[in-house]
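**Q** Just dropping this structure here.
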Amino acid sequence: MYNTVISACLLGIPCRFNGKGKPKEEAIKEFLKGQAIPICPEIVAGEKTPRSACEIVGGDGFDVINGKAKVKGKDGNDYTDSYLNGAKIVMNELVKGKNIKKAILKKGSPSCGCGCIFDGTFSDKEKEGCGVFTAMILKYNKDIETKEL
């Protein structure tokens with residue numbers, strides 16, 4: 001039985017915007033216990049790899065969910081709908097109603113950021129906040145422990 005979701009990029013899966021993974025030993029060890037599911041809301045939404053770097057402009061993931069902020073690409077395009085759709089699919093298919101107790105998520109990500117995201121200026125400046133998927137976890141599944149790597 002699965003009890004954890006892990007940002008797939010933390011396992012070295014090349015699903016990040018730049019076509020690379022970002023393996024972290026702690027995430028890999030957790031995955032190797034056999035109770036974790038790798039997730040990437042952007043890929044689930046149909047985004048390709050590589051793709052334009054995205055940041056949340058005008059707030060954080062909660063603000064995106066509430067229609068007060070947008071997910072914008074460095075290419076100038078609006079990716080809000082895609083990020084919302086990917087987060088909803090992962091929530092509905094892999095998290096909601098399942099036995100998920102923990103989420104290990106990628107720092108800074110506009111989807112999986114958990115405590116820290118980029119500030120929306122594409123200048124490598126960080127701010128407090130969470131990504132769209134993390135906001136959905138925190139809003140709808142408050143009993144899931146979230147951890148940022």
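The values are calculated or read from the model by the stated rules, or taken from the named source; none is laboratory data. Given the structure is predicted, the values throughout are model-derived calculations rather than measurements. Glycine also receives a Cβ, built like all others from the backbone with ideal geometry; neighbour counts cover every protein chain displayed. When the accessible area is computed, the model is the full protein with side chains, heavy atoms only, and any ligands, DNA or RNA have been set aside. Shrake-Rupley method; radii C 1.70, N 1.55, O 1.52, S 1.80 Å.
**Q** Being of a type in the set (G, A, S) and either open to solvent by 40 Å² or more (accessible area, probe 1.4 Å) or touching a Gly at 6+ places or on another chain (Cβ under 6 Å) (or both) is the filter here, so list the residues in the stretch 46-74 that pass it.
**A** Answer for the stretch 46-74, where residues must be of a type in the set (G, A, S) and either open to solvent by 40 Å² or more (accessible area, probe 1.4 Å) or touching a Gly at 6+ places or on another chain (Cβ under 6 Å) (or both): G46, S52, G58, G61, G67, A69.
**Q** Now for a different question. Does the stretch 24-37 contain at least one residue that is touching a Pro at 6+ places or on another chain (Cβ under 6 Å), open to solvent by less than 60 Å² (accessible area, probe 1.4 Å), part of a loop (DSSP other than H, G, I, E, B) and not β-branched (V, I, T)?
**A** Within the stretch 24-37 (the criterion being touching a Pro at 6+ places or on another chain (Cβ under 6 Å), open to solvent by less than 60 Å² (accessible area, probe 1.4 Å), part of a loop (DSSP other than H, G, I, E, B) and not β-branched (V, I, T)), the answer is no, since none of the residues qualifies.
**Q** Can you name every residue in the stretch 101-149 that is surrounded by fewer than 23 Cβ atoms within 10 Å (Cβ to Cβ) and among the polar types (S, T, N, Q)?
**A** Scanning the stretch 101-149 gives T121, S123, N141, T146.
**Q** Taking into account only those residues within the stretch 4-23 that are open to solvent by 40 Å² or more (accessible area, probe 1.4 Å) and of a type outside the set (A, V, I, L, M, F, W, C), which is nearest to S82 (Cα to Cα)?
**A** Filtering the stretch 4-23 for residues that are open to solvent by 40 Å² or more (accessible area, probe 1.4 Å) and of a type outside the set (A, V, I, L, M, F, W, C), the one nearest to S82 (Cα to Cα) comes out as R16.
**Q** Could I ask something else about it? Which one of the conditions (1) closer than 30 Å to M1 by Cα; (2) polar (S, T, N, Q); (3) in contact (Cβ under 8 Å) with a residue 24 or more places away in the chain does N77 fail to meet, given that it meets all the rest?
**A** Going through (1) closer than 30 Å to M1 by Cα; (2) polar (S, T, N, Q); (3) in contact (Cβ under 8 Å) with a residue 24 or more places away in the chain one by one, N77 breaks only (1).
**Q** Now a separate question. If you scan the stretch 75-100, which residues turn out to be in a helix (DSSP H, G or I) and either open to solvent by 70 Å² or more (accessible area, probe 1.4 Å) or among the small types (G, A, S) (or both)?
**A** Once the filter is applied, which keeps residues that are in a helix (DSSP H, G or I) and either open to solvent by 70 Å² or more (accessible area, probe 1.4 Å) or among the small types (G, A, S) (or both), the stretch 75-100 yields D81, S82, N85, G86, A87, K88, I89, N92, E93.
**Q** So, in the stretch 101-111, exactly how many residues are in a strand (DSSP E or B) and within 12 Å of Y2 (Cα to Cα)?
**A** 2
**Q** Next up: Residues of the stretch 49-65 being without any contact (Cβ under 8 Å) to a residue 60 or more places away in the chain, part of a loop (DSSP other than H, G, I, E, B) and touching a helix residue (DSSP H, G or I) at 6+ places or on another chain (Cβ under 9 Å), which ones?
**A** T49, R51
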